[in-house]
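Data block below; observations after.
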Amino acid sequence: MADPQRIEGRLSRRRAVARLLAARARDWLVVTGLGTATYDAAAIADDPLNFYIWGAMGSAAMTGLGLALAQPARRVLVLTGDGEALMGLGALATIAVQNPPNLGIVVLDNGAYGETGGQASHTARGVDLAAVARGCGWRNAARVSGEEALESFVERLGAVESWPFFAAIAVRDDGEERTLPPREGVFLADRFRSALGLPPS
Amino acid sequence: MAGQAWADEVFETLKRLRISQVGYVPDAGQARLIARAEADPALRAIPLTTEEEGVGLATGAWLGGARAVLLMQSSGVGNCINMLTLAANCRAPLLMLVSMRGEWGEFNPWQVPMAQATERVLRAMSVIVHRAERAEEVAAMVEAAGRLAFSSRAQVAVLLSQRLLGAKVFVAEE
């Protein structure tokens, strides 16, 4: 099997996330899956309206769904990795059925489990997450590969008809230093709710 | 769905608790409750492919200022275990209604191991457990569990005993 990190066309993960979050509008809420998605979002710009998940692998997309349904006037971006998305694959079916107009899922697909030694994930062994999403009924589901494709993907995010969307961005890990945001769940949840103007309970 | 009159009371209780998202995995014991949720345009009924999806859903709902309830069978509790971390770490309110199988006149042995572990597993993950044995106590118990969950940021499961729901009958007794 080819080393997933060496496949041509893969974007720098950190730069891809930076480009994506540069397009963040003020109404966006961001939920990150455990691992590098959380570190990248924190490294680029910590924000009280980022909710970082540090565990509960496979829960990021569904957390995004609950949030998107609760906050229909805002847009929710779920940013996660291929391993995390694979662990909650059924969520793609569940979310497609609900078809929330304000939810987008971006999978940073490096084809590997970066936190545990870089073992090849299923996406490096032939599984196409965007095709799975399409099969579940997502109309906007794409694999984003290369600078031009990323640019055109990000430019379309401003358009209402681009949502909901699923995108698997082909990325590589350039070994950036990890930026660790706070880990305390109560703190992160209360900070997030407070930024939305909600009380602690 | 015969004999599920308690489900109408529970449904009204969920409305009173301002629940707006009902995540569920289909379940005969709560079929009437599920049907009521699906039929009510003021609620979002959300069929899940696996129960653990519901823990993320409920946490996300609460992060956004909404309230969810999860409906499942005892077997589904096993699917939720690690996901309960999300609610526990954030002290996110969680309200689960769990139909028990495998404990009272159960026909299918495959339901028994998880059913017998359900309460212990929930408690092991710091979920507070209420258990309803009689139909007439269910609605009040759900109301109390909901208040505990949403006012005190607790994770609470209401177990609906198989005796209450009635054991499923597939075949005539041997």
*Going by alpha carbons, how many degrees (0 to 90, nearest 10) lie between the helix axis of B:135-152 and the longest principal axis of chain B?*
30
_Please check: in the Gaussian network model of chain A (C-alpha springs, under 10 Å), which one of A:R139, A:R19, A:R156 has the largest mean-square fluctuation._
A:R156
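Antiparallel DSSP bridges in segment A:1-122: what percent, to the nearest 5?
Working: 2 of 16 bridges.
Here the share of antiparallel DSSP bridges comes out near 10 percent.
Just how large is the dipole of the protein assembly as shown about the Cα centre, in debye to the nearest 20, putting +1 at every Lys and Arg Cβ and -1 at every Asp and Glu Cβ?
Values: 37 positive and 40 negative charges, 143 e Å.
Taking the Cα centre of the protein assembly as shown as origin, the dipole is about 680 debye.
Summing both sides, how much accessible area is buried between B and A? Use a 1.4 Å probe and give Å² to the nearest 100.
Values: alone 8380 and 9430 Å², together 15620 Å².
Roughly 2200 Å² of accessible surface disappears when B and A pair.
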*Based on the alpha-carbon gyration tensor of segment A:65-120 and its eigenvalue square roots a ≥ b ≥ c, which shape applies: rounded if a/c is under 1.5, prolate if not and a/b is larger than b/c, or oblate?*
prolate
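From the convex hull of the Cα coordinates of the protein assembly as shown, what is the mean projected area in square nanometres? Don't jump to the answer; show the numbers that get you there.
On the way: hull surface 76.5 nm².
Across all orientations, the protein assembly as shown yields a mean hull projection of 19.1 nm².
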*A:T179 versus B:R18, label points 7 Å from Cα toward the beta carbon: distance in nm?*
3.6
*For chain A, evaluate the Debye formula with one uniform point scatterer on each Cα (no solvent term) and list log10 I(q)/I(0) at q = 0.09 Å⁻¹, rounded to two decimals.*
-0.29
*asked:* Rolling a 1.4 Å sphere over the protein heavy atoms, what is the accessible area per residue of the protein assembly as shown, to the nearest Å²?
replied: 42
_Quick check on chain A: helices-only [θ] at 222 nm, where DSSP H runs of length 4 and up contribute -39,500 (n - 2.57) each and the sum goes over total residues. Nearest 500, please._
-10500 deg cm²/dmol
*Compare B:P113, B:P93, B:P41 in a GNM of chain B, Cα atoms joined below 10 Å, and give the one with the largest fluctuation.*
B:P41
*Under a GNM of chain B (C-alpha, springs under 10 Å), which listed residue has the highest mean-square fluctuation: B:R67, B:R131, B:R18?*
B:R18
_So, R0 is 41 Å and r is the distance between the beta-carbons of A:Q119 and A:E151; what FRET efficiency does that work out to, to 0.05?_
0.85
*What's the long-distance tail for segment B:5-154, i.e. % of Cα pairs beyond 22 Å?*
34
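Determine how many Å³ per residue the convex hull of the Cα atoms of segment A:96-186 encloses. Mind showing how you got there, number by number?
Details: hull volume 13.8 nm³, N = 91.
That works out to 152 Å³ per residue.
The values are calculated or read from the model by the stated rules, or taken from the named source; none is laboratory data. Given the structure is predicted, the values throughout are model-derived calculations rather than measurements. Every residue, glycine as well, gets a Cβ built from its backbone with ideal geometry; the counts of neighbours run over all protein chains shown. Just so you know, the surface numbers come from the protein's heavy atoms only, side chains and all, with ligands and any DNA or RNA stripped out. Shrake-Rupley method; radii C 1.70, N 1.55, O 1.52, S 1.80 Å.
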